[in-house]
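Remarks on the structure that follows.
The values are calculated or read from the model by the stated rules, or taken from the named source; none is laboratory data. Model, not experiment: these values are computed from the prediction. Cβ coordinates were reconstructed from backbone atoms using ideal geometry, including for glycine residues, and neighbour counts include every protein chain displayed.
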Amino acid sequence: MAQHQVDRALDAVDDAMRQLKNAMRGIPARREGFKDRHDRMAKSVARLTVTLSDSRAAITE
């Protein structure tokens, strides 16, 4: 994957997480463990984006 593709993928993930944050407003998120699942997913996505961002130097075009 070329560096510009990594950048586009990271931007897309960032946009999706921002949309999720906006969609969560006003929703009772604590029902049936949804908040816990959301938090675990957000942390996993954050780990993924940091790892991808840090790996840019190793990616060659």
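Key figures for this structure:
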item: Restricting the range 1-14 to residues that are of a type in the set (Gly, Ala, Ser) and at pLDDT 85 or above, the residue that is surrounded by the most Cβ atoms within 10 Å (Cβ to Cβ); result: Ala9
item: Residue, modelled with the highest pLDDT, within the range 15-61, restricted to residues that are under 22 Å from Gln3 (Cα atoms) and basic (Lys, Arg); result: Arg47
item: Residue count, the range 1-25 (criterion: closer than 16 Å to Arg47 by Cα and aliphatic (A, V, I, L, M)); result: 7
item: Subset of the range 8-36 [without any contact (Cβ under 8 Å) to a residue 12 or more places away in the chain and either among the acidic types (Asp, Glu) or at positive phi (or both)]; result: Asp11, Asp15, Gly26, Glu32, Gly33, Asp36
item: Residue in the range 43-57 that is surrounded by the fewest Cβ atoms within 10 Å (Cβ to Cβ), counting only those that are in contact with a helix residue (DSSP H, G or I) (Cβ under 7 Å, 6 or more places away or on another chain) and not polar (S, T, N, Q); result: Arg56
item: Filter pass, Asp39 being in contact (Cβ under 8 Å) with a residue 24 or more places away in the chain and among the charged types (D, E, K, R); result: no
item: Residue check, Asp36 part of a helix (DSSP H, G or I), acidic (Asp, Glu), surrounded by 11 or more Cβ atoms within 10 Å (Cβ to Cβ) and out of contact with any Ser or Thr (no Cβ under 9 Å at 6 or more places or on another chain); result: yes
